[in-house]
């Protein structure tokens, strides 16, 4: 009996066609990620520049003992808005990204800038008596549903208080030495935790309670 | 979920679909080349019936209406243990021979009929299936090849009233393409009761067996084992009555899939014969299933993260009023739309589903069943019906593993 079999070449052809489809898909994904990453890189550079500017202004005001708080306030406010946008962009990436390495670097840079801005704001609050509430928010990226909830609560408050509230979300797993130092200083052991006026609050802090802590700073 | 694992599994899914598509493109011609029969052999059609008073007349009418020399066609109805008026209905047809036996069981009835059959070719027809006029004449041609032991046809469903029967209609259409391809490579192995023809000497040697739940598969495999091939042809059409309720569908499927497993075990030696040693026939059968299974699996992963985030949102309602959450979602639009944490998984399911969709559309086109309603049902078919089928397969394997005795 003449036996018909599946032509063995089909297995090979199918392999290469699938490979082509697959690689095309990967390239598109890579290209899309790459363009987002370069956009984030661009924004990071911008923020870096404005922070340098603000630091210089701060130094100038402190040195000659003149205070132009309005200008400084405006600069810090703009930096904070930019940082928030950057945070949203970074968060839109999943953990499973092709460019996870360069994303990790960007996250480190972002955290670094965030802490710098925090120091700036604290200094400004002291010297200008600015009406700004600040919250340090420590969280963990993986397996922390409570962190998602606390993040939502803080974002909702941010919508309410807008420029009067500045939140500094610090990812405990990012390799920035300063995060470790802050965690040590405030004795952060569990996540989520927030620090307001130098005091640590563990677990999910409700919207009302955080609201009270904000008003305490604004009065 | 690691990204690499996701990539590997999706590559397999894409590969299966591409492979199937290539194979189909190479074997586009629907009717295989055949040596034609010179004269018409005598045919005995066996119709086992157990409480089939509702369907039997229609079935017999379709058989008597067959375009085939009357002298060469014998029709035998075996009424096994009917408690209704099946026999009375059959008696009205003078050309039909009626045998009544007290025992239940399709295999027993068929063996009883086989004893009485005089034809050179035996036809097996369920009492709830009907045949089209040209069916027998088209099928008989294939016996011109001495190596053909059995011939089967293109099964369609007789009603498409509700969703479950419409979905089965699609399933029968789609599986017809796989069957055709398997048959093209001489590795087809089922003789269903929608008029299957077998050489009488062959089937008399083998006999019908009740040792598995699906005697049609058992017989088919026995025929193949003896070195004959079974041809599945697309041109002749038969109609089968399908379950139109989920419960009866479920029972039927459990029986089929358990029967499949039982027969695989019973005829395991056949898998290792030279004829079945090529990967081809196996891949044809699983290609459609498997690619979609992967698609569903990846989609489920997506939905897992979706629901996970959804529950987190519900939990956060304890701490944050819903109005705040809505405001937040509006403020974060459009990124709040993407609750899902695996954008790649979405792309992958999209690729797999669209390639499966392409195969399905092609099938519908080949069988001239292309209409908008069917096309619109395809997504439901792929996502929901396949999930159900997989569930039943899973259950069947478990039931077989624990040797569950109860008849479904």
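What follows is calculated from the coordinates using simple rules that are stated; it is not laboratory data. In this text the structure is predicted, and so the values were computed from the model without any measurement. All Cβ positions, even for glycine, are placed from backbone atoms using ideal geometry, and neighbour counts span all protein chains on display.
Ratio of Rg to Rh for chain B, alpha carbon only, Kirkwood? It would help to have the intermediate numbers written out before the result.
Values: Rg = 24.6 Å, Rh = 23.5 Å.
Rg divided by Rh gives 1.05.
Between residue A:200 and residue B:285, how many nm apart are label points set 7 Å from Cα along the C-beta direction?
Taking the two extended label points, one gets 6.3 nm.
Based on the Kirkwood radius over alpha-carbon pairs, what value in µm²/s does the Stokes-Einstein equation return for the translational diffusion coefficient of region A:131-219 at 20 °C and 1.002 mPa s? Each step should come with its number before you reach the end.
Working: Rh = 13.2 Å.
For the chosen part, D equals 163 µm²/s.
Would you mind checking the tilt of helix B:246-266 against the longest principal axis of the Cα atoms of chain B, expressed as 0 to 90 degrees and rounded to 10?
70 degrees
Take the Cα gyration tensor of region B:156-204, multiply each eigenvalue by 5, square-root it, and list the three semi-axes largest first, rounded to whole angstrom. Please report the intermediate quantities before stating the final value.
On the way: eigenvalues 143, 48, 7 Å².
Gyration-tensor ellipsoid for region B:156-204: 27, 15, 6 Å.
Over chain B, what is the relative contact order in whole percent, taking alpha-carbon pairs under 8 Å and six or more residues apart? Walk me through the numbers on the way to the answer.
Values: 630 pairs, mean separation 76.7, N = 408.
It comes to 19 percent, rounded to a whole number.
Note down the nm distance, to one decimal, between modelled labels 7 Å out along Cα→Cβ at residue A:34 and at residue B:84.
6.9 nm
How far apart, in nm, are two points set 7 Å out from the Cα along the Cα-to-Cβ line at residue B:384 and at residue A:140?
4.1 nm
Kindly express, to the nearest 10 degrees and within the range 0 to 90, the angle between helix A:100-128's C-alpha long axis and the longest C-alpha principal axis of chain A.
With rounding to tens, the tilt is 10 degrees.
Rg/Rh for region B:214-317: what does it come to with C-alpha atoms and Rh from Kirkwood? All intermediate terms of the calculation are to be shown ahead of the outcome.
Details: Rg = 20.7 Å, Rh = 17.9 Å.
With Rg and the Kirkwood Rh in hand, the quotient comes to 1.15.
Would you mind classifying region B:72-143 by shape? Square roots of the alpha carbon gyration tensor eigenvalues, ordered a ≥ b ≥ c; an a/c under 1.5 is rounded, otherwise it is prolate if a/b is larger than b/c and oblate if not. The partial results should precede the final answer.
Working: a/c = 1.96, a/b = 1.59, b/c = 1.23.
Prolate is the answer for region B:72-143, as a/c is 1.5 or above and a/b outweighs b/c.
Pick from B:152, B:299, B:363 the residue whose mean-square fluctuation is largest in a GNM of chain B, springs joining Cα atoms under 10 Å.
Comparing B:152, B:299, B:363 in a Gaussian network model of chain B, the most mobile one is B:299.
Is it possible to state the helix-based mean residue ellipticity at 222 nm for the protein assembly as shown, with each DSSP H run of 4+ residues giving -39500 (n - 2.57), the sum divided by total residues, to the nearest 500 deg cm²/dmol? What is it? The partial results should precede the final answer.
On the way: 21 runs with 363 residues, N = 627.
That comes out to -19500 deg cm²/dmol.
How much length would be gained if the chain were fully extended between residue B:175 and residue B:269, taking 0.36 nm per residue of separation minus their Cα-Cα distance, in nm to one decimal? Mind showing how you got there, number by number?
Working: separation 94, 0.36 × 94 = 33.84 nm, distance 2.55 nm.
In short, 31.3 nm is gained.
If you restrict to DSSP beta bridges whose two residues both lie in the protein assembly as shown, what percentage is antiparallel, to the nearest 5? Mind showing how you got there, number by number?
On the way: 17 of 49 bridges.
Close to 35 percent.
Just to compare against my own numbers: the Cα pair-distance distribution for the protein assembly as shown, 10 Å bins, whole % per bin, please.
Spelled out bin by bin, the protein assembly as shown gives 3, 13, 19, 17, 11, 10, 9, 8, 6, 3, 1, 0, 0 percent.
Set the Förster radius R0 to 30 Å, insert the Cβ-Cβ distance between residue A:13 and residue B:225 as r into 1/(1 + (r/R0)^6), and round the FRET efficiency to 0.05.
On the way: r = 33 Å, r/R0 = 1.09.
Approximately 0.35, to the nearest 0.05.
Could you quote the convex hull projected area for region A:65-219, Cα atoms only and averaged over all directions, in nm²?
Values: hull surface 37.6 nm².
Taking a quarter of the hull surface, the average projection is 9.4 nm².
Across 5 Å bins from the origin, how do the percents of Cα pairs in region B:1-98 run, short distances first?
Calculated P(r), rounded to whole percents: 2, 10, 14, 11, 8, 7, 6, 8, 9, 8, 7, 6, 3, 1.
In vacuo Debye scattering of region A:173-219, one point per C-alpha: log10 I(q)/I(0) at q = 0.21 Å⁻¹?
-0.78
With N set to the residue count of region B:230-271, report its C-alpha Rg divided by 2.2 N^0.38 Å to two decimal places. Mind showing how you got there, number by number?
On the way: Rg = 14.3 Å, N = 42, 2.2 N^0.38 = 9.1 Å.
Scaled against compact globular proteins, the figure is 1.58.
Build a GNM of chain B with springs between Cα atoms under 10 Å: which of B:78, B:234, B:384 gets the top mean-square fluctuation?
B:384
Taking a ≥ b ≥ c as the square roots of the Cα gyration tensor eigenvalues, with a/c under 1.5 meaning rounded and otherwise prolate when a/b beats b/c, else oblate, which class fits region B:41-193?
Working: a/c = 1.73, a/b = 1.21, b/c = 1.43.
The shape class here is oblate.
So for chain B: antiparallel DSSP bridges make up what percent, rounded to the nearest 5?
Working: 10 of 35 bridges.
Roughly 30 percent of the DSSP beta bridges within chain B come out antiparallel.
Could you compute the FRET efficiency for residue B:311 and residue B:71, with r as their C-beta to C-beta distance and R0 at 56 Å, rounded to 0.05?
Values: r = 73 Å, r/R0 = 1.30.
With R0 = 56 Å, the Cβ-Cβ based efficiency is 0.15.
In the Gaussian network model of chain B, springs joining C-alpha atoms below 10 Å, which of B:318, B:302, B:158 carries the largest mean-square fluctuation?
Sorting by GNM fluctuation, first place goes to B:318.
Considering only chain A, what is the antiparallel percent among its DSSP beta bridges, to the nearest 5?
Working: 7 of 14 bridges.
That works out to approximately 50 percent antiparallel.
Taking only Cα atoms, what is the 0 to 90° angle, nearest 10, from helix B:343-366's long axis to the longest principal axis of chain B?
Computed tilt is about 30 degrees.
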